[in-house]
Amino acid sequence: MPYAAKHRFARIAPRKARLVMDLIRGRDVNEALALLRFSKKRAAVMVDQVVRAAVANATEKEARTEGLYVSACWVDPGPIIKRFQPKDRGKAYPIMKRTSHLCVTLDERPE
């Protein structure tokens, strides 16, 4: 039975978050948490929280935590916050502050 968790509207670009998600896809939960703990990427902190929330969802439904692995994880783009930076001669350059929806699904390894 899959156990899922999401972090919606995370203030990080989806392109940067996907780099971290690719690291943990298909790994055991403990190995994924260890990778995230020592990763230097800013997105690793956010993904770590989502993985821990999914583990908490699994323990809430009385699942064995030692047999869990990251079966699926993906990043969807969220809404873009649009700002403008004033430039010389009355120009304005757009700044796109991108957001992400981080999704992690855990499952038990087949015996």
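A Cβ distance below 6 Å, combined with a sequence gap of six or more or placement on separate chains, defines the contacts here; from region 1-25, residues that are touching a residue at least 60 places away in the same chain (Cβ under 8 Å) and under 8 Å from residue 100 (Cα atoms) reach residues that are open to solvent by 100 Å² or more (accessible area, probe 1.4 Å) and in a loop (DSSP other than H, G, I, E, B) in the pairs 13/98. Within the set 11, 18, the sole residue that is open to solvent by 90 Å² or more (accessible area, probe 1.4 Å), within 15 Å of residue 104 (Cα to Cα) and not small (Gly, Ala, Ser) turns out to be 18. Pairing residues of region 92-111 that are without any contact (Cβ under 8 Å) to a residue 24 or more places away in the chain with residues that are among the aromatic types (Phe, Trp, Tyr), at Cβ distances under 9 Å and at least 6 apart in sequence or on separate chains, gives 92/84; 93/84; 94/84; 95/84. Listed conditions (1) closer than 22 Å to residue 108 by Cα; (2) not in a loop (DSSP other than H, G, I, E, B) are all met by residue 65, apart from (2). Is region 81-97 home to any residue that is under 19 Å from the mean Cα position of the chain (by Cα), part of a loop (DSSP other than H, G, I, E, B) and more than 18 Å from residue 30 (Cα to Cα)? Within region 81-97 (the criterion being under 19 Å from the mean Cα position of the chain (by Cα), part of a loop (DSSP other than H, G, I, E, B) and more than 18 Å from residue 30 (Cα to Cα)), the answer is no, since none of the residues qualifies.
Evaluate the following for residue 50: is it touching a residue at least 40 places away in the same chain (Cβ under 8 Å) and touching a helix residue (DSSP H, G or I) at 6+ places or on another chain (Cβ under 8 Å)?
Here the answer is no, as residue 50 does not meet what is asked.
In region 44-54 there is no residue that is over 22 Å from residue 14 (Cα atoms) and within 21 Å of the chain's Cα centre (by Cα).
For region 98-109, filtered to residues that are in a strand (DSSP E or B) and under 12 Å from the mean Cα position of the chain (by Cα), the residue that is surrounded by the fewest Cβ atoms within 10 Å (Cβ to Cβ) is 105.
In this structure, residue 25 does satisfy being modelled with pLDDT of 95 or more, surrounded by 13 or more Cβ atoms within 10 Å (Cβ to Cβ) and basic (Lys, Arg).
Out of the residues in region 53-73 that are open to solvent by 100 Å² or more (accessible area, probe 1.4 Å) and without any contact (Cβ under 8 Å) to a residue 60 or more places away in the chain, which is nearest to residue 28 (Cα to Cα)? Per the stated criteria, the residue is 66. Being surrounded by fewer than 13 Cβ atoms within 10 Å (Cβ to Cβ) and closer than 17 Å to residue 11 by Cβ is not true of residue 40.
The values are calculated or read from the model by the stated rules, or taken from the named source; none is laboratory data. The structure presented is a predicted model; accordingly, all values stated were derived computationally and were not measured. Quick reminder, even Gly has a Cβ in these numbers, built from the backbone with ideal geometry, and neighbours come from all protein chains shown. Each accessible area value is taken on the protein alone, full model and side chains, heavy atoms only, with ligands, DNA and RNA left out. Shrake-Rupley method; radii C 1.70, N 1.55, O 1.52, S 1.80 Å.
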